[in-house]
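In what follows, a structure is listed as structure tokens, so that the remarks can point back to it.
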Amino acid sequence: MRLALVFAIHLITLASLHAGWTFSPAEPQKAPPGLDFTQRKASNDGQTADLSIVSFSPKTHTFAVMDNPAGAFDAESAALKRGALAAVNGGYFHLDRTPLGLVVRQGAEIHPLEKAKLLSGLVIVAGDHIALRRASEFKASPTIREALQAGPFLVDAGKPVAGLDNTRSAARTVIFIVSSGRCGFLTCKSLTLAATAELLATPSLVAGGSITRALNLDGGSSTALWVRSDPVYYEREWKSVRNYLAIVAKP
């Protein structure tokens with residue numbers, strides 16, 4: 001009887017060690033050439049989340065910041081004006097619409113870098129290179145064409161970042177880089193930051209490898225995803241935001 005109990009505890013321990021996020025098969029969605037757009041459901045010990053994932057090769061496409069100082073645009077109208085193929089909401093902003101953190105659009109600095117615990121990372125486009133950098137790694141350069149500061153960092157070196165909030169669930173907007181070099185963004189409805197980081201670090205989430213770095217953008221009611229498909233796909237934001245991050249084809 002004692003041996004059987006020990007064996008049962010051992011099995012439960014093994015199961016807990018191997019428990020984690022599981023995903024439904026990726027469902028391909030219509031998207032412009034060069035973009036991979038999929039949707040899937042994730043589950044883990046009673047938690048569930050709906051994911052919309054857009055990725056691309058940086059050889060053919062790149063990120064672009066779209067500014068919206070007066071609140072005249074939503075994700076769709078901003079993307080159409082820019083000629084973008086897909087777009088999500090961008091970084092944080094004050095009630096008066098002043099951005100929080102560094103914002104660079106087409107080589108022009110709209111707002112300078114800020115030091116704050118929340119603003120722990122940046123997405124940067126410098127020449128042909130796309131990078132996710134921690135704020136402590138950032139170095140100003142005239143080669144930077146696009147930049148957006150946000151946070152917190154969710155995944156680093158393929159591992160979930162420790163110490164993230166595990167109490168408040170919300171819709172999330174995330175930008176990521178994959179081990180194969182592919183880049184992209186996704187929306188996730190709805191999880192805590194800690195759970196989102198664990199999910200993103202799961203190797204089977206995206207095609208082309210594991211996510212090596214991921215950065216949280218503004219989320220909650222700001223969360224939006226627009227894809228130029230037929231018909232157009234639009235997860236509409238619930239409030240006007242200061243800026244958007246788009247995917248555009250390289251010239």
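All of Gly158, Gly151 fail the test of being touching a Leu at 6+ places or on another chain (Cβ under 7 Å) and on the phi > 0 side of the Ramachandran plot, apart from Gly151. If the condition is being more than 16 Å from Asp36 (Cβ to Cβ), surrounded by fewer than 24 Cβ atoms within 10 Å (Cβ to Cβ) and either at pLDDT below 95 or not acidic (Asp, Glu) (or both), then segment 224-241 contributes Asp230, Pro231, Val232, Tyr234, Arg236, Trp238, Lys239, Ser240. Filtered by the rule that a residue be closer than 25 Å to Val155 by Cβ, out of contact with any Lys or Arg (no Cβ under 9 Å at 6 or more places or on another chain) and of a type outside the set (D, E, K, R), segment 226-240 gives no residues. Taken over segment 194-204, the criterion of being surrounded by fewer than 22 Cβ atoms within 10 Å (Cβ to Cβ) and closer than 17 Å to Val88 by Cβ is satisfied by no residue.
The values are calculated or read from the model by the stated rules, or taken from the named source; none is laboratory data. These figures come from a predicted structure and were not determined experimentally. Don't worry about glycine lacking a Cβ; one is built from the backbone with ideal geometry, like all the others, and counts go over all protein chains shown.
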